[in-house]
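As structure tokens, the structure follows; a few thoughts come after it.
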Amino acid sequence: MDEQELLIQRFLDHDLAPDERVTFLQMIDADPALRRSWLNLEMVVAEAGQLPRITPSARFYSELRAKIEPRPLGWWERLSSVVRAPRTLEWNLAGAIAAACVAIVSVVGLFAVMPSRVVEVTVPTSPAHTIATRTEQKEPKVFVRLILLQPEAHSVSVAGDFNGWNPARTPLERSDGGMWTATISLNPGRYQYMFVIDGKEWIADPLAAEETTDGFGAHNAVLDVAI
Amino acid sequence: MPQDQQVGPDDAHLVARSLKQDHEAFGQLIERHASTIVSLAYRMVGNRAEAEDLAQEAFLTAFKALSTFRSDSKFSTWLYRIGVNKCKDWLRAKRPGKGPADLDVDEALDTHVAEMRTPERLLSQQQVAQELEQAIQRLPPLYREAFVLKHVEGCSYEEMQAVLGVSSDTLKMRVYKGRLQLSRELAALDPTQ
């Protein structure tokens with residue numbers, strides 16, 4: 001690039017100082033060849049600035065938007081994104097104390113309503129009860145199940161030493177096949193008892209392993225309860 | 001840096017919203033800069049359909065890499081750089097037998113072009129524009145990108161430096177060579193000269 005070309009380029013790039021511009025304009029005024037070269041370059045610059053902008057087609061926008069916008073998620077993807085989204089837990093001291101109080105009350109409440117521990121114990125001495133359990137308390141208790149088969153009966157209850165011989169206190173419940181059952185809680189010991197059918201017929205437990213006279217000519221069933 | 005439609009929130013605000021998964025905000029950025037990027041790509045590759053495809057790729061790349069955009073620079077400059085790089089990749093792939101290095105060196109002026117074209121006719125304004133479009137396509141890619149950014153898109157040399165990563169002096173030399181080749185080609189079409 002000679003000095004004249006350099007001046008033209010600097011003129012086109014607006015790099016010339018005011019006095020240099022004056023010098024340059026005097027040069028092109030005096031030199032037709034230089035003036036022609038400059039005008040040709042000026043025309044290129046002017047025409048380039050007039051070139052039309054390209055307006056993108058509708059296809060351009062629609063395709064681009066389709067590629068950028070997320071496709072609709074299925075319910076499983078939405079659920080998965082909600083569950084797996086990382087979250088930040090923000091807390092303060094008051095909130096932490098409140099949460100701790102709730103936790104303490106919940107644990108204490110849980111212990112309060114939790115049932116006592118139950119241990120199964122078999123009672124092999126009496127066929128009158130098929131399931132026997134005891135609770136671990138200061139005075140041990142044994143759960144005894146009484147069973148009587150009476151398909152024709154409308155009600156069955158049991159009266160004995162354990163309920164003051166009052167049949168109204170311990171009714172049996174009917175189950176399928178005319179089987180009547182009751183589960184009662186007894187201390188270890190020896191008890192006499194009888195079933196009362198329809199509130200009027202007293203019979204001894206036919207499954208009892210032992211009977212004894214009641215002193216009035218009838219027999220009571222005997223139940224031995226042991227741990 | 002020229003922009004298509006500067007209406008509504010500025011680019012930085014739209015970029016911030018886009019980063020919060022606001023796709024509508026990025027849609028506004030597309031509408032604002034689409035014409036500029038498509039025009040730039042068209043002047044670089046000379047084919048409108050290819051230009052739109054390349055512009056789409058540029059916007060998609062920008063969308064996916066938006067989290068890496070540094071807010072201390074202009075979004076339009078960053079987008080220009082992505083668009084120019086897409087065009088360079090396309091030109092490298094479309095020039096069989098010539099490797100990537102061909103685009104990274106200054107090419108000698110094609111002094112034969114002026115002699116090859118000798119239509120003896122005066123040109124109308126529209127014809128001049130058409131001839132200029134075609135002559136721009138015949139420029140070596142490095143001159144072409146510099147000339148297009150400078151004189152078609154109206155960028156300053158500082159903006160061009162940020163887009164192309166080349167010093168202002170080098171860019172001035174490339175613009176000079178581009179202008180010189182184009183002036184010779186257009187002068188050859190004018191029998192009065």
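Per residue of B:56-65, how many C-beta atoms from partner chains lie within 10 Å of its own C-beta, taken as a mean?
Values: counts 8, 2, 0, 5, 3, 0, 0, 3, 1, 0.
Mean shielding count: 2.
Which residues make up the longest stretch of chain A clear of GluC sites (Glu not before Pro) that lie in a DSSP loop with no more than 12 other Cβ atoms within 10 Å, not counting the sites?
Segment A:1-89 is the longest.
Describe numerically, in nm with one decimal, the distance between label points set 7 Å from Cα along Cα→Cβ at B:ALA65 and at A:ALA85.
My value for the distance between the label points is 2.9 nm.
Could you work out, residue by residue across A:55-66, how many beta carbons of other chains sit within 10 Å of that residue's beta carbon, and then give the average as an integer?
5
Between A:VAL105 and A:ARG53, what length comes free when the chain is fully extended (0.36 nm per residue of separation minus the Cα-Cα distance, one decimal in nm)?
Here the segment from A:VAL105 to A:ARG53 would lengthen by 11.4 nm.
What is the sum of charges, Lys and Arg at +1 and Asp and Glu at -1, for the other residues whose Cβ falls under 13 Å from the Cβ of A:ALA153?
-2
At 0.36 nm per residue, minus the direct Cα-Cα distance, what do A:LEU149 and A:GLU63 gain on full extension? Give it in nm, one decimal, please.
Values: separation 86, 0.36 × 86 = 30.96 nm, distance 8.29 nm.
Extending this stretch completely gives an extra 22.7 nm.
What 222 nm value per residue comes from the helices of chain A, counting each DSSP H run with n ≥ 4 as -39,500 (n - 2.57) and dividing by all residues, nearest 500 deg cm²/dmol?
Helix contribution divided over all residues of chain A: -12000 deg cm²/dmol.
If you take every residue apart from A:TYR191 with its C-beta less than 12 Å away from the C-beta of A:TYR191, what net charge results, scoring Lys and Arg +1 and Asp and Glu -1?
-3
If Lys and Arg each add +1 and Asp and Glu each add -1, what is the summed charge of the other residues whose beta carbon sits under 15 Å from the beta carbon of B:SER71? Could the numbers behind the result be given before it?
Working: positive: B:ARG17, B:LYS20, B:ARG70, B:LYS74; negative: B:ASP10, B:ASP11, B:ASP72.
Counting the neighbours of B:SER71, the net charge comes to +1.
Give me the inter-chain shielding for B:42-53: mean count of other chain Cβ atoms within 10 Å, whole number please.
Counting other chains' Cβ atoms within 10 Å and averaging over B:42-53 gives 2.
Just so you know, all these numbers are worked out from the coordinates, no wet-lab data involved. Worth saying up front: this structure is predicted, and the values here are computed from it rather than measured. In this analysis, Cβ positions are derived from the backbone assuming ideal geometry, glycine residues included, and neighbour counts consider all displayed protein chains.
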